[in-house]
Structure formats: C-alpha cells, structure tokens
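These notes concern the structure reproduced below.
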Amino acid sequence: MVFTDVGANEIRDWLAGGAATAPTHFGVGDDNTAETKADTALANELTTDTIDTDSTSDKQVEYTWTLLSTEQNSQSLKEVGLFNAAAAGDMFTRATHATVAKTSSIEVRYKIRVRLVN
C-alpha cells in the first residue's frame, strides 16, 4: 500500500490552515498495476462506496468497508483505494492485492490503517 502524494498534500493543506476533506469512501477495482505515490485514481475502478467505520487510537486511524454479497459479483477484485469523495475525490491510499474472484457467496471486508510515525 502507498500513501499518495495527493493524500499527503491534502494533509499538508490542513496543517497549513487550509481547507481539507478527510477520507469518506473506499473504491475497488480490477487492475493490479503496481501502486505508486503519484497515483491519483485506481487503475480501473469498479465501484465506490461510503466508509463503514473509522476509528482512532494512538497515532493512527483505521477505516473499514464491506463489499456485500450482492455487489460486484463475477468481478476480479485486485485494487483498493481510500478517497475523500464518491466521485472525482482525492485518493489518499492505493493498494493492490491477490485477486479475489467475487461471487454472491462472499463478502469482502477491506481495512486500511493509516499510522503516523515520528
């Protein structure tokens, strides 16, 4: 998983007193092109949906989202991202993963933990 330059700049703007929008959505896609910090979108987005939960603890925030058994069936899921809007939002993170052949018999739960290190 990478934290994108766009996501880092969103946090930079907030620290400088500017307007910033926190992550609100997960996106999932079917392309496994290696992620880079320069990414601004998923390589081939299939769907975007609102984050189910977010929680904070010492120097970290964790976001979770579940792709339901009724969603994206017959798709090969390979990438996930964290965005601050349903469409045309800033992508904070992007990760590729082993292919998940999505069927109606499974739900897929994504969890992204952002940890601040110092």
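A few comments on the model shown:
- Test: L77 is among the hydrophobic types (A, V, I, L, M, F, W, C), open to solvent by 50 Å² or more (accessible area, probe 1.4 Å) and more than 9 Å from the chain's Cα centre (by Cα): no
- Residues located in region 80-116, provided they are basic (K, R), open to solvent by less than 20 Å² (accessible area, probe 1.4 Å) and under 23 Å from Q60 (Cβ atoms): R94
- In the condition set (1) among the basic types (K, R); (2) closer than 13 Å to V114 by Cβ; (3) at pLDDT 95 or above, K59 is compliant with all but (3).
- Qualifying residue in region 49-63 (condition: polar (S, T, N, Q) and within 19 Å of H97 (Cα to Cα)): no
- Qualifying residues in region 32-75 (those that are without any contact (Cβ under 8 Å) to a residue 40 or more places away in the chain and of a type in the set (A, V, I, L, M)) - the one nearest to A22 (Cα to Cα): I51
- A count restricted to region 50-59 and to residues that are crowded, with 16+ Cβ neighbours inside 10 Å and closer than 15 Å to A88 by Cα stands at 0.
- Residues of region 85-110 classified as in contact with a strand residue (DSSP E or B) (Cβ under 7 Å, 6 or more places away or on another chain) and closer than 20 Å to I11 by Cβ, total: 8
- Qualifying residues in region 1-49 (those that are open to solvent by 60 Å² or more (accessible area, probe 1.4 Å) and touching a Gly at 6+ places or on another chain (Cβ under 7 Å)) - the one nearest to A85 (Cα to Cα): E45
- Among residues of region 1-48, those that are charged (D, E, K, R) and either farther than 21 Å from R109 by Cβ or within 10 Å of the chain's Cα centre (by Cα) (or both), counted: 6
The values are calculated or read from the model by the stated rules, or taken from the named source; none is laboratory data. Just so we're clear, the structure is a prediction, and the values are computed from it rather than from any experiment. No Cβ is skipped: glycine too gets one built from the backbone with ideal geometry, and neighbour counts run over all protein chains shown. Calculation scope for accessible area: heavy atoms of the full protein, side chains included, ligands and nucleic acids excluded. Shrake-Rupley method; radii C 1.70, N 1.55, O 1.52, S 1.80 Å.
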